[in-house]
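To keep things clear, I will list the structure first and then write my remarks on it.
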Amino acid sequence: MANIDAPRQRAPFFDLSNLRGDIFGGLTAGVVALPLALAFGEASGAGPIAGLWGAIFVGFFAALFGGTGSQVSGPTGPMVVVFAGVFASLSGNPALVFAAVVLAGIIQILFGVFRLGQYIRLVPYPVISGFMSGIGVIIIALQLSRLFGHEPEESGTIPALTAIPGAVMDPNWIALGIGLMTLGIVFTWPKAWGKYVPGPLAALIIGTLIAFFTKGVPILGDIPTGFPSFVMPSFSQGTFLIVLEAAFILAVLGAIDSLLTSLVADNMTRTRHNSDRELIGQGIGNTVAGFFGAIPGAGATMRTVVNIRTGGQTKLSGMLHAVLLFAVVISLSPLASQIPHAVLAGILVKVGYDILDLAYLKRAHKGPRWDLALMVLVLGLTVFVDLITAVAVGVVLAALAFVKKMADDQLAHFRAGDPALATQEEHDLLARAKSRVMLFDFGGPLSFGAAADLGHHVRERVREHAAAIVLDFSRVPFLDVSAARAVETIACDARQAGKTVYVTGMSDKVKSVLAGLNADHCLPADTHYETRIEALRAAVAEVTSADAGGEPAPTGAAQPA
């Protein structure tokens, strides 16, 4: 018989039970990540090598310390869009730019330490869909000119959009041909072939070979080799707020991006990730990346899916993906310098297309109209304003809409008329009272949204000749300050009108809130009852005794709670 008091064995830090699958999965994910890392680095403004080192540092340390075994991390479309904006707003100053990256990593670590992972995942789906689709639009917009062989003169979405007509009217035909070929490959590459050579890698190799034997195609140019230099982050009093805002945006977006990918991994592997530990791992990865001039990253959905489908299950797979990229950056950087901009642009257009939430957009008209409007609003704000404004506005509007819906449902309970009565005795008691006793069943938690109108609706329903009110709190697990003040208003209005208030089913938690706020001063201490039937008996006894001209029945006729 097992000893139930024996100490529980801790899982090993490295699980070698799936070593073969982890090796194959990690190497395959590394091959997929190579062209994306180069493309993201180029799009960020920091250069292709910064994208590769970002994939290495974030991929290795997020896997080592993270909480999702099969997750592969590195630069992602959403993170690169925000980082590119940070890079431009700080004029490409490495000390300031990478101070924001380091600080973002530290903020993510604090998110995990203070167990905020569960709250970050509470962002409503229309908001997530809107800002992810907006990021997809931004990525596509930033690359369209490059497909035609031109570079936008200024950074940002609006300059990129305004540069498109000029690029279309004066294309570099060789670059355009390579770009269109890249699009054809990444969009039509057979899945069966993708098991051996991913579509983006095939496009990268073919496009680079074509550019090598032709002239006049814009290419990446010299890429630094060897280990990255240490970057000492710094900021002045005048730049601190800018750096802090950029860091917070990167931290929140990276956290959301990573935890969404963790949920995808959970669904595929039938496991459950540790969100707080995942945030700590992502934070460590981004902190290290910032110190070495690498772009930040997050959990990468496509690379994680590739890893899982090719056998990866544990953190070893994510670490091996980073080791493969490390070998590439040490030895193959001269070859990478020949990659055309148009090839990376084509790959990124496919990335942007994949980020668009087309599955929801196709069916959005069949769902709630408000959710569609919220999604479109967040998408527009993401593209034309900024991400943090889009998410903040989306979350606030979604929360207000939810509170409004809950308040409407709660108040509808009062407008609908008499509450459902549980027993025949309750029917008989109220019939005997001849509308002199009014019963109110709150029916559930009282939100601050309903509290504002709660007293009005109770007052509206209480008839002038009613002598007693029964307030049933049986289904009210808690009260906030707004709801407590609403209860106070109901009770004081009743007392001023000469009506007795009976209370039933009030939990100790609700009582303590009312007492702590002194919101129970109009509630008689001797009219609290455990059950509704007891409160009704006492209330009916009082009004029938008063109608008969006798002394009111003692409130202790039924035992108070």
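Values quoted throughout were computed directly from the atomic coordinates according to the rules given, and no laboratory measurement underlies them. Note that the structure is a prediction, hence the values are computed from the model and not measured. Ideal geometry is used to build each Cβ from the backbone, glycine not excepted, and the neighbour counts take in all protein chains shown.
Tabulated data for the structure shown
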item	result
Linear extension gain, residue 465 paired with residue 359, 0.36 nm per residue minus alpha-carbon span	32.3 nm
HN-Hα J in Hz across region 313-321 - Karplus 6.51, -1.76, 1.60, θ = phi - 60°, x for Gly and Pro	9, 10, 4, 4, 5, x, 5, 5, 4
Lys pairs under 29 Å by Cα in the chain, provided they are eight or more residues apart or on distinct chains	20
R0 of 41 Å, Cβ-Cβ distance residue 88-residue 24: FRET efficiency to nearest 0.05	0.55
Theoretical gain in end-to-end length, residue 113 to residue 526 [0.36 nm per residue, Cα-Cα removed]	143.9 nm
For residue 500, distant residues with modelled amide H under 5 Å away	468, 469
Sum of -39500 (n - 2.57) over DSSP H runs of 4+, divided by residues of the chain (222 nm, nearest 500)	-21000 deg cm²/dmol
Whole-Hz ³J(HN,Hα) from phi, Karplus 6.51 cos²θ - 1.76 cosθ + 1.60, for region 196-213, glycine and proline x	9, 9, x, x, x, 5, 4, 4, 5, 5, 5, x, 5, 5, 5, 5, 5, 9
Ranked by how many other beta carbons lie within 10 Å on average, peptides 57-69, 393-405 from highest	57-69, 393-405
Region 433-444 - phi-based ³J(HN,Hα) in whole Hz, Karplus 6.51/-1.76/1.60, Gly and Pro as x	6, 6, 6, 7, 10, 10, 10, 10, 9, 5, x, x
The chain: angle of helix 532-547 to the longest principal axis, Cα-based, in degrees nearest 10	40 degrees
Gain on full stretching of the segment that runs from residue 330 to residue 180 - 0.36 nm per residue minus C-alpha separation	50.9 nm
